[in-house]
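This report concerns only the one structure given below.
The values are calculated or read from the model by the stated rules, or taken from the named source; none is laboratory data. Quantities reported herein were computed from a predicted structural model and do not represent experimental measurements. Positions of Cβ are generated from backbone atoms using ideal geometry, with glycine treated the same way; all protein chains shown enter the neighbour counts.
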Amino acid sequence: MSNTKNVVVLVSGGGTNLQALIDAQKRGELGNGKITCVIASKADAYALTRAKDNGIKTRVLVRKDYDDIASYSRAMKDALIEEKADLVVYAGFMTILDETVCNAFENKMINVHPALIPSFCGKGYYGLHVHEEALKKGVKVSGATVHFVTAECDAGPIILQKAVDVLEDDTPESLQLRIMEQVEWKILPQAVKLFCDDRITVSNGKAYIKY
Ligand code: GAR
C-alpha cells in the first residue's frame, strides 16, 4: 500500500509559497507528500496559474459567493473531503475558516504566518500589514512561523520558526521579501515533509518533531 499523502494547498494571491512547495516536490523534498489540488479563494489568484503550469488540479471557492463564514467553511470542508486531503496547507490563504473545518482536520492543517508568533498575529494581521506593524514597533528581529491551524486565528501548535534581522532601512516590502526568501520558502516545505513522513506529534497544545 502506498504511503503517499495527498497535500491540498489553499491560496488567495500570488502563490510564492505554493511555488516553493512545487519546487521542493520537483527536487524530491516533500517526502511522502504529493500536491494533489490547489484551492483558491479568488478566481484571479496568480497561484492558480502556477498550479496549472505544473499540471496540478485547481478549484476555486470564492468567499463572496457564500453568505457567511459558516456556509463557506462547510463548502470548503466538503471540497477537502472530496479531494481526500491528508494534509491541508494554508499558503497565503487569507480567509479564516470556522471550527467545522478545523475540527474535521484537527492537526492536519498547517499555516505559514510571516512573523514570529505570538508577535504580530491574529485577526487583521496578514500579508504586508504584518511587516508594517513590525517596523512600527521597531523590533530587531522578525521571521515566520509554521503552525497547526485551530479555530483561534494563528494560535495553534507551533511546528517551525526561524528569525531574520530587521534592518534600519527596511520597508515593509523589503522585510517581507527577506522573510519569504530566507524563511517562509524554506520552513513551509520542511514542515510539509516532516508531517508527511509522520514526524510531528501534538501533545498538550505543543508540537514535537522527531528528527
Ligand atoms: C506570505 O507572506 C504569507 O506568509 C502571508 O501572505 C503572504 C502570501 O504570499 N500569509 C499571511 O499573512 C496569513 N496570515 P504568497 O501568496 O506569495 O505565498
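So how many residues does the range 90-129 have that are under 13 Å from the mean Cα position of the chain (by Cα) and either in a helix (DSSP H, G or I) or aromatic (Phe, Trp, Tyr) (or both)?
Qualifying residue count, the range 90-129: 3.
Among residues belonging to the range 37-65 that are over 23 Å from LYS108 (Cα atoms), over 17 Å from the mean Cα position of the chain (by Cα) and in a helix (DSSP H, G or I), point out the one that is farthest from the ligand (Cβ to nearest atom).
ASP65
Looking only at the range 106-155, which residues are within 12 Å of the ligand (Cβ to nearest atom), at positive phi and touching a Phe, Trp or Tyr at 6+ places or on another chain (Cβ under 9 Å)?
ASP154
Quick check on the range 15-31: of everything there that is crowded, with 16+ Cβ neighbours inside 10 Å and in a loop (DSSP other than H, G, I, E, B), which residue is farthest from the ligand (Cβ to nearest atom)?
GLY31
Quick one: would you say ASP68 is of a type outside the set (S, T, N, Q) and more than 14 Å from the ligand (Cβ to nearest atom)?
Values: of a type outside the set (S, T, N, Q): yes; more than 14 Å from the ligand (Cβ to nearest atom): yes.
Judged against the criteria, ASP68 is a match.
How about the range 81-95: which of its residues are within 15 Å of the ligand (Cβ to nearest atom), surrounded by 19 or more Cβ atoms within 10 Å (Cβ to Cβ) and among the hydrophobic types (A, V, I, L, M, F, W, C)? Spell out how you get there, then give the answer.
So in the range 81-95, the residues within 15 Å of the ligand (Cβ to nearest atom) come out as 88-95.
Now restrict to residues that are surrounded by 19 or more Cβ atoms within 10 Å (Cβ to Cβ): 88-93.
Hits for the range 81-95 are VAL88, VAL89, ALA91, PHE93.
Kindly check whether there is at least one residue in the range 86-102 that is over 26 Å from VAL164 (Cβ atoms), touching a Phe, Trp or Tyr at 6+ places or on another chain (Cβ under 6 Å) and at pLDDT below 95.
Looking through the range 86-102, none of the residues is over 26 Å from VAL164 (Cβ atoms), touching a Phe, Trp or Tyr at 6+ places or on another chain (Cβ under 6 Å) and at pLDDT below 95.
Contact list please: Cβ distance under 8 Å, first residue in the range 127-139 and over 18 Å from GLY92 (Cα atoms), second residue part of a helix (DSSP H, G or I) and more than 8 Å from the ligand (Cβ to nearest atom), pairs at least six apart or on different chains.
Short answer, once both residue conditions are applied: ALA134/LEU175; LEU135/PRO172; LEU135/LEU175.
Give the residue, chosen from THR58, THR95, THR16, that is without any contact (Cβ under 8 Å) to a residue 24 or more places away in the chain, touching a helix residue (DSSP H, G or I) at 6+ places or on another chain (Cβ under 9 Å) and of a type in the set (Val, Ile, Thr). Before you say what the answer is, go through the steps one by one.
Working: THR95 fails: without any contact (Cβ under 8 Å) to a residue 24 or more places away in the chain; THR16 fails: without any contact (Cβ under 8 Å) to a residue 24 or more places away in the chain.
Going through THR58, THR95, THR16 in turn, just one is without any contact (Cβ under 8 Å) to a residue 24 or more places away in the chain, touching a helix residue (DSSP H, G or I) at 6+ places or on another chain (Cβ under 9 Å) and of a type in the set (Val, Ile, Thr): THR58.
Identify all residues within the range 150-197 that are touching a residue at least 60 places away in the same chain (Cβ under 8 Å), in a loop (DSSP other than H, G, I, E, B) and buried (at least 18 other Cβ atoms within 10 Å of the Cβ); write none if there are none.
None; the set is empty.
Take the conditions surrounded by 14 or more Cβ atoms within 10 Å (Cβ to Cβ), within 22 Å of GLY127 (Cβ to Cβ), of a type in the set (A, V, I, L, M) and touching a residue at least 40 places away in the same chain (Cβ under 8 Å) and apply them to ILE200. Does it pass? Show your work before the answer.
Details: surrounded by 14 or more Cβ atoms within 10 Å (Cβ to Cβ): yes; within 22 Å of GLY127 (Cβ to Cβ): no; of a type in the set (A, V, I, L, M): yes; touching a residue at least 40 places away in the same chain (Cβ under 8 Å): yes.
The answer is no for ILE200.
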